[in-house]
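The next block holds one structure in the form of structure tokens; read it before the comments.
Please treat every number below as a calculation from the coordinates, not as lab data. Quantities reported herein were computed from a predicted structural model and do not represent experimental measurements. Cβ sites come from the backbone with ideal geometry, for glycine too, and all protein chains shown count toward neighbours.
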Amino acid sequence: MTERQDQLDGRAAAILLACCLFWGVQQVLVKATLPELAPVFQAALRFVGATVLLLLWCAWRRVPLFARDGTLWPGLLAGVLFAAEFAAMYLGLQHTTASRLTVFLYTSPFWVALLLTLLVPAERLRRVQWVGLICAFVAVAFALREGFVQGGAGVTWRGDLLGLAAGALWGLTTVTIRASRLVQVSPEKMLFYQVAVSAVTLPLLSAALGEPWHWQWSAFAGASIAVQTVIGAFVSYLVWMWLLAHYPATKISAFVFLTPIFALIAGALWLGETVTPTLLLSLALVAVGIVLVNRRAPAPLQGKQGAGACPSSADSYQIESYPATGATAAP
């Protein structure tokens, strides 16, 4: 299919549901692998493998990756931010539950909204969007407070803060892409900057942290790395970008709200993680906040604008500022 669709069909809905389910379970899979493979080393293996797969894919599809197009420096910056995001996420999973970290990780849309307001004055937020940001702040405050208290999931504030940092870095990656020429390159090249820089920097970070590099893995650890690499860092991102190229971003973005819910369910069933009322309330507030921050402005009534007038940028602010950046799909 090459034409762009105005509505989601059954195939798109099924693919989106599968992606969000995988992204939610993936956090639990990473945490379950930590007893065998150190966190940053695990992330490094994932992106080294993904870089090789992407190079083979682009060679087969004849997608140019190294043509000069003025995107080198923003591409490297996006790659560094992307690598830092995953380092924070993997390290955070040592100190908190997968479900808690996912709640903090999915504060990314709020960082995007705040950063765009600061960097692009014309992208000012409407009142309802500020209410959404307040919901996010309250959710983070509730969840962080619980992380300082012994009991339930234990003292998790270190991992919680790393998850929050990962969400902020995800938002910075999104803003970097949106504010540069990267929005004009192919999805494959955009993704290549991120996975290739991660493949170079994460092994160096792992070595600097003194992590052990074990090469004798159990069948579970080997399968985990294979799934994280092939499905997580390669297939799911390419599928996400294909969906964004063929369906409205405002419609497919709603499915992303399911990812933290899947992570919470998987963490409870697989790892026996504690699901506290505070965590559920925080998750609900994050979901409400995302909806409000990304709520469309009402369309101006025809005839109320003079000849040649156009809606203000605030009126045209849409959710595309968050999910339409393709390669910044959920970690």
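Which of rounded, prolate, oblate describes the stretch 156-214, given a ≥ b ≥ c as roots of the alpha-carbon gyration tensor eigenvalues and a/c under 1.5 marking rounded, otherwise prolate only if a/b is larger than b/c?
oblate
Taking 0.36 nm per residue of separation and subtracting the Cα-Cα distance, full extension of the segment from residue 184 to residue 55 would add 44.5 nm.
With neighbour counts taken as other beta-carbon atoms within 10 Å, the residues 209, 169 rank, fewest first, as 209, 169.
What is the calculated FRET efficiency for residue 204 to residue 141, with r their C-beta to C-beta distance and R₀ = 51 Å, to the nearest 0.05? Don't skip to the answer; put the middle values down first.
Details: r = 35 Å, r/R0 = 0.69.
Approximately 0.90, to the nearest 0.05.
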